[in-house]
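Visitor: Here it is, the structure in full.
The values are calculated or read from the model by the stated rules, or taken from the named source; none is laboratory data. These numbers were taken from a predicted model, which means no experiment stands behind them. Quick reminder, even Gly has a Cβ in these numbers, built from the backbone with ideal geometry, and neighbours come from all protein chains shown. The accessibility values were calculated without ligands, DNA or RNA, using every heavy atom of the protein model including side chains. Shrake-Rupley method; radii C 1.70, N 1.55, O 1.52, S 1.80 Å.
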Amino acid sequence: MRAEELLRRSEERLGSILASAMDAIVTIDESRCITLFNNAAERIFGCSKSWAQGQPFDRFLSKGFRNLLERHLRESTGKSAKPQPVWAPEGLTALRANREEFPIEATLSPLELGGKRYYTFILRDVDERRKIEAELHRLQTENVFLQEEISAPYRFEEMIGGSPAMRSLFSDVEQVAGTDSTVLIIGETGTGKERIAHAIHNLSPRKDRLLVKLNCAALPAELIESELFGHEKGAFTGATAQRKGRFEMADRGTLFLDEVGELSLPAQAKLLRVLQEREFERVGGGQTIRVDVRVIAATNRNLADAVKAGEFRVDLYYRLDVFPLRVPPLRERSEDIAVLADHFLRQFARKLGKPLAGIAPESLRTLERYTWPGNVRELQNIIERAAVLAKTPLVDIDLKLDDSSPDPPQTEASELLLEAVERGHLLKVLEESRWIIEGGTGAAAKLGLTPSTLRYRMQKLGIRRPKQV
């Protein structure tokens, strides 16, 4: 009685396993008649187990499948032959009860039981798997679309931000864009000042004209005037032909002066005249040229302090500061970090051709705790690196942060602390890049800066390459 009870329990466990299996399981005897037909086999072959059991299995076999089975049976029936399992991963087909042919993957395992030999097939419907994969792809595509729809309220003219500070900024941009007022964009490095300038131009009546850009920190002081106002042939050594300046190129359009705080005092005086009179002369020329240009300037410096220090003209400052826009640093809008990180991840997933689904929750919390001295540009670079290194759809990001890192500056008086944070960040990237500045693996590319801008920041922050490196 105990043996019978154990047998009953064993049969129940076996029945549960067979019933719950996703793949078709079919067992045949030596005469190739079906002795076991599970629930998945009913679904795949389109018939009931009561009808299938006792039937010749050959009725479900295509020609190729039958040939494979017969070859295996011949090889395994010899006295010295040791039965071996067979796996047919692709290129095999079977027949449903209605004679429909369909592709399968299958394994064949021999079994000795009670002196008789049986063969167990485990089959998977490839068409069914492909349908599941197609449905999964559809759901993933739908998920991406819904994510984009959800993030739509955070988008504004190629910028992303749903925090109160960014919504206020976007509102100010819309308000000033339709005017010709001079705009001064104030913000730390990497906050997206250039994108704000693009948004103002794109929303303005001048959007069909050029937006001409000039980084005032990227050129030596002696070349700034030539870049702004152009020069005549022979105006200086190397001036072999007449050249238009940025003001002429931006006529009836918009001129964006990035890092305007780095202009020399003589260049500031000439810029002031253009803003006041809307006219100028090329370097080495005497002809007055009139232009209609809307000027947008940007700086990461405190120009009011620069005025007090005698480094920036007070009259030019007030001429530029008609409509100031402050771009908040990323640490002041931590609620935007998750949306930005997801946006950059999907961007790099498409670029790299990787199926990246999202960022691990703990990594996201780490990103939100970080103070981001390099702001949005630093976040973009970190997400790109994580996307390149990712080996699973859920991306882990290890910033190796020190909880004792300095708190972000809260007032103008603590700007020196911000410079110290920036200096430490630049030093870290330079050391990781072995002090190589240019090129795809150089520090400038990793920081999202031009080599000339990086050299300028190094000079300003007193960063020099160690002699022993």
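Visitor: Arg385 fails exactly one of the following numbered conditions: (1) modelled with pLDDT of 90 or more; (2) open to solvent by less than 70 Å² (accessible area, probe 1.4 Å). What is the number of that condition?
Guide: Every condition holds for Arg385 apart from (2).
Visitor: For region 16-81, list the helices (runs of 4 or more DSSP H) that sit wholly inside it and hold at least 3 residues that are at pLDDT 90 or above; which are they? It would help to see each step written out before you state the result.
Guide: Values: elements: 39-45, 49-52, 63-76.
The helices (runs of 4 or more DSSP H) meeting that bar are 39-45, 49-52.
Visitor: Here's a check for you: in region 175-223, which residue that is out of contact with any strand residue (DSSP E or B) (no Cβ under 7 Å at 6 or more places or on another chain) and not in a loop (DSSP other than H, G, I, E, B) is surrounded by the most Cβ atoms within 10 Å (Cβ to Cβ)?
Guide: Checking each candidate, the answer is Ala177.
Visitor: So how many residues does region 353-399 have that are under 25 Å from Thr450 (Cα atoms) and charged (D, E, K, R)?
Guide: 4
Visitor: Based on this model, can you work out whether Gly238 counts as in a loop (DSSP other than H, G, I, E, B) and not basic (Lys, Arg)?
Guide: On the way: in a loop (DSSP other than H, G, I, E, B): yes; not basic (Lys, Arg): yes.
Judged against the criteria, Gly238 is a match.
Visitor: Please find, within region 240-298, the residue that is surrounded by the fewest Cβ atoms within 10 Å (Cβ to Cβ) out of those that are among the acidic types (Asp, Glu) and free of Cβ contacts under 8 Å to residues at least 24 places away in the same chain. Give the steps one after another, and end with the answer.
Guide: Going residue by residue through region 240-298, those that are among the acidic types (Asp, Glu) are 248, 251, 258-259, 262, 277, 279, 281, 292.
Checking the rest, the ones that are also free of Cβ contacts under 8 Å to residues at least 24 places away in the same chain come to 277, 279.
Numbers: Glu277: 10, Glu279: 12.
Once the filter is applied, the top-ranked residue is Glu277.
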